[in-house]
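Here the structure is laid out as structure tokens; the discussion comes afterwards.
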Amino acid sequence: MTSPDGPVLDGSALAGLLSEVYSFDATLAVVRCAHCGHTDVLARTTVHLSAMGGVVRCATCTAVLLVVVDRPDGARVSSPGAAWVQAPPRP
Amino acid sequence: MTWQTGWHVATVVGARPLTDTARELTLAVPGFGGALPGQHVDVRLTAPDGYQATRAYSLATAGVDERVDLVVDEVPDGEVSPYLTHDARPGDQVEVRGPLGGYFVWHDDDPAPVLLVAGGSGVVPFLAMLRARRLSGRRAPFRLVCSVRGPAGAIGRDEIDSPDPGLDVRWVYTREVPPGWPTSPARITPDDLAAPGFGPAEGTDVFVCGPTRFVETAAELLTGLGHPSARVRTERFGGA
């Protein structure tokens with residue numbers, strides 16, 4: 001599956017950029033979709049990458065969960081469709 | 001103040017062609033450590049005018065601190081891979097961030113059978129898992145299914161085909177088969193993925209890595225064979 005923004009990838013593709021925002025491994029954080037309620041680790045979401053960052057979608061209903069923007073002054077995350085994001089269990 | 005999280009300076013110390021289009025690069029990276037098999041790094045290049053491009057690459061070896069082994073397959077017209085496959089020379093410097101991602105990881109104390117399904121250069125994180133398994137001396141049963149266009153593009157074939165107790169390998173050639181191969185070129189089928197000891201009943205952990213379309217096809221075949229989707233971990237890569 002490809003789109004004008006490139007192929008669909010997994011949440012793991014954003015591990016590096018999200019490490020600028022979160023102090024934990026974001027790919028193991030749990031995200032709840034505000035639209036359909038699907039709840040799973042970020043690694044199992046679908047991601048589109050572009051030069052500006054990445055768009056994270058729910059694997060079940062495709063609602064946009066997070067938008068990650070790679071800004072020169074620091075990475076920014078907006079979470080229009082995430083009910084919540086929970087850190088992975090403490091090691 | 002510029003905030004640069006987690007970037008390490010990496011110096012190329014080795015480069016070795018693996019196929020016509022893929023090269024293994026070894027980087028010396030002071031401060032880098034603790035990588036687990038299956039993890040990846042971000043590699044960042046900076047042009048003389050300041051333009052930066054970042055791409056993710058799987059580690060081909062885990063567990064060796066201050067060193068990063070990458071296998072990079074060229075994506076024509078890519079921004080990063082042509083430099084890494086053609087131009088990078090010992091002494092050159094790039095930047096590396098990682099190790100990244102705790103999801104697509106095999107833990108060497110996990111005794112469950114493991115089914116690895118690779119499309120093309122998707123085999124790279126599996127090289128790290130095979131190497132870690134050999135080093136650990138543990139004998140979790142492994143089956144590796146590698147789908148490649150032809151024998152010339154098969155990354156790591158000599159290493160993968162070396163005898164390794166408890167490792168079962170199946171090659172799938174989609175365009176061109178080696179001389180004397182018993183079957184014609186064909187895409188991956190359920191028969192390639194089903195093997196005694198590596199089914200859903202045995203609690204098999206399944207990892208699938210490759211280009212997006214390959215991963216989606218393989219994952220569908222695997223869930224069709226009864227593997228619960230929660231036990232099928234995927235890592236899709238795009239171009240660049």
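Points worth noting:
- Taking segment B:35-54 and a reference point 7 angstrom along Cα→Cβ of B:D65, the backbone N atoms nearer than 16 Å belong to B:35-36.
- Put in line by how crowded their Cβ is, counting other Cβ atoms within 10 Å and starting with the fewest, B:S81, B:S229 read B:S229, B:S81.
- Computed from Cα positions, the angle between helix B:212-224 and the longest principal axis of chain B comes to roughly 30 degrees.
- Nitroxide proxy distance, nm - points 7 Å out along Cα→Cβ at A:M52 and B:W7: 2.2 nm
- Gyration tensor (alpha-carbon) shape descriptor, segment B:118-240, a/c threshold 1.5: rounded
- Note on A:C61 and A:Y22: their simple-model spin labels are 2.0 nm apart, each label 7 Å out from Cα toward Cβ.
- Debye log10 I(q)/I(0) for segment A:2-86, one point scatterer per Cα, at q = 0.12, 0.14, 0.17 Å⁻¹: -0.29, -0.40, -0.60
- Shape class for segment B:102-162, computed from the alpha carbon gyration tensor (a ≥ b ≥ c): prolate, with a/c not under 1.5 and a/b above b/c.
- Amide H contacts under 5 Å for B:A15, placed H, 5+ residues apart: B:T26
- B:A201-B:D164 FRET efficiency (beta carbon distance; Förster radius 35 Å; 0.05 resolution): 0.90
- Electrostatic bookkeeping for B:A230 treats Lys and Arg as +1 and Asp and Glu as -1; over the other residues with beta carbon under 12 Å from its beta carbon, the sum is +1.
- Estimated [θ] at 222 nm from DSSP helical runs (n ≥ 4, -39500 (n - 2.57)) normalised by residues in chain B, nearest 500: -4000 deg cm²/dmol
- On Cα atoms only, tilt of B:124-136 relative to the major axis of chain B in degrees: 80 degrees
- Most positive-pole-ward Cα, A:L65, A:A75, B:L70, against dipole of the protein assembly as shown from beta carbon charges: A:L65
- Hz values of 3J(HN,Hα) by residue in segment B:105-122 - Karplus curve (6.51, -1.76, 1.60), Gly and Pro given as x: 9, 9, 9, 6, 9, 8, x, 4, x, 10, 10, 10, 10, 10, x, x, 6, x
- Rotationally averaged projected area of the protein assembly as shown (alpha carbon convex hull; nm²): 17.4 nm²
- Relative contact order, whole percent, for segment A:4-89 stands at 31, derived from Cα pairs under 8 Å and 6 or more residues apart.
Read the figures in this text as sums done on the coordinates, not as results from a lab. Please read these numbers as outputs of a predicted model, since none were measured by experiment. When we count neighbours, we look across all protein chains shown, and the Cβ atoms used for this are built from the backbone with ideal geometry, even at glycine.
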